[in-house]
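Enquirer: A single structure is presented below for examination.
The values are calculated or read from the model by the stated rules, or taken from the named source; none is laboratory data. Model, not experiment: these values are computed from the prediction. All Cβ positions, even for glycine, are placed from backbone atoms using ideal geometry, and neighbour counts span all protein chains on display.
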C-alpha cells in the first residue's frame, strides 16, 4: 500500500437505492489506482465508528481520532503501491438515518470526497426497486434477461410516500455541499448517454487516470421503465406534481 497516506484521496459513494450507485462503485473499484471493498458498508460504520467494536461507553474522542485510520484500514484491504484513492459505498434506509450519516461525515470525515449519485426519474427508480423485489434480480447492469417480460404496477399511495421520502433524503445528502467536496453524478446524463456510460467525471474528481472501463460490463440490460411499469406515464405525472409542490426543480 502507498505509504504516503496523506496523498490518498478518500471518497464515499452515496445516493438512493436503485440510483446507479452499484455501477459507479464497481467502475471505481476496478480502476488500478483505487482500492475499495466489494460490498457496501452499513451506516453505523460512519455514525458509530470504533464504538461498534468496543464494550464500554461511546467515547467521542476515540471516534474522532480513529475515524480516518479505521476508514483506511477497511477501504484499503486490497490497496497496493498503485493505490491513489480509497473508497466505500453506503446507502441509507430512512430520512433519520440519512441525517445521522450526514452529521457523522461532517463531524469525523471533513476531508472526505463525496460522490452523490442522482437519478432524476424517481418513477423509474421506484419501479426498478419493485421489479427487483419480485424477480430477485437486483443488478440490471449485468447480463441476465431472465425477467425481461416482468411488469409492475405502482401503487399511487405508496409511490407518493416514496417520492416525499426521497426528496427529504436527497435534501439531507445535498447539505454535504456545505462541508465537503461533492460530485453529483447523474444517472441519466452519465450512465444512459447515447455513447455509453461516461465515468470520466469520477476519475477527474479523484484525480486519477481517465481510463476506459474495460473491467466492467456496464451495459444496461433492464428494459426502459415505460416498457415494464404499467402505469409509468400516470405515475411520472404524479411524481412531477409532488416535486413541484415541494419546490424541487
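Enquirer: Would you confirm whether or not segment 169-184 contains a residue that is modelled with pLDDT of 90 or more, surrounded by fewer than 15 Cβ atoms within 10 Å (Cβ to Cβ), touching a helix residue (DSSP H, G or I) at 6+ places or on another chain (Cβ under 6 Å) and closer than 22 Å to residue 23 by Cα?
Expert: No; the residues of segment 169-184 include none that is modelled with pLDDT of 90 or more, surrounded by fewer than 15 Cβ atoms within 10 Å (Cβ to Cβ), touching a helix residue (DSSP H, G or I) at 6+ places or on another chain (Cβ under 6 Å) and closer than 22 Å to residue 23 by Cα.
Enquirer: Does segment 130-137 contain at least one residue that is at pLDDT 95 or above and either more than 19 Å from the chain's Cα centre (by Cα) or crowded, with 19+ Cβ neighbours inside 10 Å (or both)? First the steps, then the outcome.
Expert: Residues of segment 130-137 that are at pLDDT 95 or above, as a first pass: none.
Within segment 130-137, not a single residue is at pLDDT 95 or above and either more than 19 Å from the chain's Cα centre (by Cα) or crowded, with 19+ Cβ neighbours inside 10 Å (or both).
Enquirer: OK, next. Hand me the list of helices (runs of 4 or more DSSP H) wholly inside segment 1-117 holding 1 or more residues that are under 18 Å from the mean Cα position of the chain (by Cα) and within 24 Å of residue 192 (Cα to Cα).
Expert: On the way: elements: 21-29, 44-47, 60-75, 95-108.
Because the criterion is at least 1 residues that are under 18 Å from the mean Cα position of the chain (by Cα) and within 24 Å of residue 192 (Cα to Cα), the helices (runs of 4 or more DSSP H) in segment 1-117 that meet it are 21-29.
Enquirer: Does residue 188 satisfy being closer than 28 Å to residue 154 by Cα, outside any loop (DSSP other than H, G, I, E, B) and in contact (Cβ under 8 Å) with a residue 60 or more places away in the chain?
Expert: When the stated conditions are applied, residue 188 passes them.
Enquirer: Here's a follow-up. Return the only residue of 9, 29 being out of contact with any helix residue (DSSP H, G or I) (no Cβ under 8 Å at 6 or more places or on another chain) and at pLDDT 95 or above. Outline the logic, then answer.
Expert: Numbers: 9 fails: out of contact with any helix residue (DSSP H, G or I) (no Cβ under 8 Å at 6 or more places or on another chain).
Only one candidate passes the filter, namely 29.
Enquirer: Let me ask another. Would you pick out the residues in segment 120-137 that are out of contact with any helix residue (DSSP H, G or I) (no Cβ under 8 Å at 6 or more places or on another chain) and in a helix (DSSP H, G or I)?
Expert: Of everything in segment 120-137, those that are out of contact with any helix residue (DSSP H, G or I) (no Cβ under 8 Å at 6 or more places or on another chain) and in a helix (DSSP H, G or I) turn out to be 129, 130, 132, 133, 134, 135.
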